[in-house]
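The values are calculated or read from the model by the stated rules, or taken from the named source; none is laboratory data. Because the structure is a prediction, the values reported are computed rather than measured. Every residue, glycine among them, receives a Cβ derived from its backbone with ideal geometry; neighbour counts consider all protein chains shown.
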Amino acid sequence: MFVFLFYFLHFRFIVYYLKYRPQTLTDLDNSHVREKIQHLLQSKDIPHALLFVGQKGMGKTSTARIVAKALNCLQNAFAGVGKSYEPCNECENCVAITKGYSPDVIEQDAASNRGIDEVRKLIKEVGFAPMTSKRRIYIIDEAHMITSDAFNALLKTLEEPPEHVVFILATTNEEKLPRTIISRCVRIPFGRAEKKDILHMLARIAKEEKIKLPDEVAELIAQSSDYAFRDAAKLFEELVVQNKLTIDEAKQYIGIHGRKSLLEVMGKEDMQTCMQWIEDFTANGGNVRYEMESMLQSLKNQLLLKSNISTDEKDLGFTQKDIVFLMKELHDALEMLRIAPIPAIPLEIVVAEFYNNANR
Ligand SMILES: Nc1ncnc2c1ncn2[C@@H]1O[C@H](COP(=O)(O)OP(=O)(O)OP(=O)(O)O)[C@@H](O)[C@H]1O
Ligand SMILES: [Mg+2]
Ligand SMILES: [Zn+2]
């Protein structure tokens, strides 16, 4: 059952945005980030600490990997070959970084490695020479999660790391980073993508997938995804899977499904409104399984939010108990869906149970 669910969550949601993760500087669809990075790489002194600041899904991790590849590529200007600073994406080093097994590119999620001991270990390792490349690159995601004494321990290393080391810190929450850390890094704000950047990405995916995406639909996706790359890629994929690629269909689909999710409605409104939501949703050809999977995904984020892990999610107003209750109900409902003659029923049961459950 869990394996099944896992498979679906991944298979159905993740394809486009992983498949079309940018791999070169040119691929970066947000022009101001692209230009800044290109500029940095071409300058004589590569900064030893970069700080990527921006919302979820804006490309911080993707960009960090591209920078790592550019610096360690065996076939570009950094390796003395040609004039371009782009990674070739073909040499051993590039391939290893793309696949995540380069011994010299260390990705750490600060959410789970935030304490003084982990940081001391890291500082010790920083001194080792790189194994297969010119530089050791530390990508520290969610850097704001590092504890304050761990930050203190890191300060000196960040200020004067060995020649061969580059730190790339990424954060969705700059306010939580100590000023002393920020001031030691070259800061790159990712901001919101511009509409043209999102349109550029959508056009790139549509071309590769050989899908005809009308301009108006692309505009609608850009608007509805709040100008975040990952959300836009997901929404595009959703429209493709649901085959809603004319402007009218897409508008209707996004109108009912996209902006106000069933969970949002459940967080604020009464049971009758929810039942009406489901009614409209199925009448318009909405896919119940898809909706339930997406609800689980959001609940997972809500739970992270309650545990102070993910800070960018909008709080939908559920208590932790509500969240766990709904997760369990949805798991059961997904199971039930396989044999349900009317697909809306398992979802309606979830909603009814939620409102009936007095002690939740
Ligand atoms: N510059 C870009 N141009 C086009 N698509 C992009 C760009 N950056 C990211 N994407 C798309 O968005 C997805 C998410 O990007 P990425 O994981 O780099 O974001 P992130 O900022 O690290 O997000 P998070 O804070 O959630 O870790 C990528 O898989 C890719 O499909
Ligand atoms: Mg990331
Ligand atoms: Zn290369």
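The set of residues from the stretch 90-142 being within 14 Å of residue 23 (Cβ to Cβ), crowded, with 16+ Cβ neighbours inside 10 Å and within 16 Å of ligand 1 (Cβ to nearest atom) comprises 97, 98.
Would you check if there is a residue in the stretch 142-160 being within 24 Å of residue 308 (Cβ to Cβ) and basic (Lys, Arg)? No. Return yes or no: is residue 29 among the acidic types (Asp, Glu), more than 16 Å from ligand 3 (Cβ to nearest atom) and surrounded by 20 or more Cβ atoms within 10 Å (Cβ to Cβ)? Spelling it out, residue 29 is indeed among the acidic types (Asp, Glu), more than 16 Å from ligand 3 (Cβ to nearest atom) and surrounded by 20 or more Cβ atoms within 10 Å (Cβ to Cβ).
Only residues that are near ligand 1 (Cβ under 8 Å from one of its atoms), at pLDDT 90 or above and touching a Lys or Arg at 6+ places or on another chain (Cβ under 9 Å) were counted in the stretch 41-64, giving 5.
Considering the stretch 254-263, the residues that are modelled with pLDDT under 85 and in a helix (DSSP H, G or I) include one that is surrounded by the fewest Cβ atoms within 10 Å (Cβ to Cβ), namely 255. For the stretch 65-84, the candidate set comprises residues that are within 16 Å of ligand 1 (Cβ to nearest atom) and out of contact with any Leu (no Cβ under 8 Å at 6 or more places or on another chain); within that set, the residue that is nearest to residue 174 (Cα to Cα) is 65.
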